[in-house]
Amino acid sequence: MDYLGKYNLSGRTAVVTGAARGIGLASTEALCQAGALVVMTDIDDGAVRGSAAVLAAQGYRVKTARLDVTDQMAVEALRDDVLKDHGAVDILVNNAGIALSSTPAEEMTGERWLKVLDVNLNGVFWCARAFGQAMLAAGRGSIVNLGSMSGFIVNKPQEQAHYNASKAAVHHLTRSLAAEWASRGVRVNAVAPTYIDTDLVSSVVTGNKIVFDTWLAGTPMGRIGRPDEIASAILFLASDASSLMTGSIVLVDGGYVCW
């Protein structure tokens, strides 16, 4: 058995949302190293083009597109463009997300609640639906959603009911899509990370040592994660190495939910 060969993504096309930085960028690099052509999408067109230029200079095959995942028509248009340009879409990484943490529930505005749910949940569904249609027509495909350990636990000390609820919903959406599409060749799994050294996490802890120390105290490994550590799990789920897995929520949390 060629076990390493299961990770070979040569000839496959992947789409990654929120690919300009952090986990999305690391995931793009991982998929490219495995041989995939990756369409990098992000709402920040300039940032995603800049990141793509860096990867292209290293010899990786990447394309870019601006995408607002909350815009259903834009998502479907991108799907059509990818199919026209590349003939198929084999992998989708639903990474785009926002937090807007440290918002007590009793002070949560409707606008703030809806914004987080719109990006983190609706955006995942619009992308999964659009690209899932293409995968179902082809009889094959792998979708990897970005959940969170926040879908299992209530974080402290920051208040973030909206974020926690959105990620719990992503987990169950993952299972629901997996159950519907398993018999037609499309796998749907999710990665549930701990705190990762990204801009999103930095925006919460900047200047707040109490928050950061609380996070570390609750983590058996005593550290936050790196984007490449999450990208490694995404690569596994995207590849044939996980061919019997669908509907799984893979915790990559440094042991956080153990305590």
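Throughout, read-outs are computed from the coordinates displayed, never taken from laboratory work. All of these numbers come straight from a predicted model, not from anything done at the bench. So basically every Cβ, Gly included, is an ideal-geometry build from the backbone, and we count neighbours across all protein chains shown.
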field: Positive minus negative residues near Arg21 (Lys, Arg vs Asp, Glu; Cβ under 9 Å)
entry: -3
- prompt: Hey, fewest Cβ within 10 Å first, where do Met245, Met135, Met149 land in order?
  reply: Met245, Met149, Met135
- prompt: Quick one: net charge of Ser232's neighbours, Cβ under 13 Å, K/R +1, D/E -1?
  reply: -2
- line: Neighbour-count ranking for Cys258, Cys32, Cys127 (other C-beta within 10 angstrom, fewest to most) reads Cys258, Cys32, Cys127
task: Can you grab the distance from the C-alpha centre of region 70-139 to the C-alpha centre of region 3-69, Å, no decimals?
output: 17
message: Just to be sure I understand: of the beta bridges DSSP finds with both ends in the chain, what percent are antiparallel, rounded to 5?
response: 0
- prompt: In the neighborhood of Asn8, defined by Cβ-to-Cβ distances under 14 Å, what is the net charge if each Lys or Arg adds +1 and each Asp or Glu adds -1?
  reply: -1
- prompt: Considering region 4-112, what Rg and Dmax in Å follow from its alpha-carbon atoms?
  reply: 15.6, 52
query: Ordered by packing density, taken as the mean number of other Cβ atoms within 10 Å over each peptide's residues, highest first, how do 86-93, 107-114 rank?
result: 86-93, 107-114
- request: Any chance you could give the angle, 0 to 90 degrees and rounded to 10, that helix 22-33 forms with the longest Cα principal axis of the chain?
  value: 30
For the chain, calculated [θ]222 nm from helices alone, where every DSSP H run of n ≥ 4 adds -39500 (n - 2.57): -13500 deg cm²/dmol
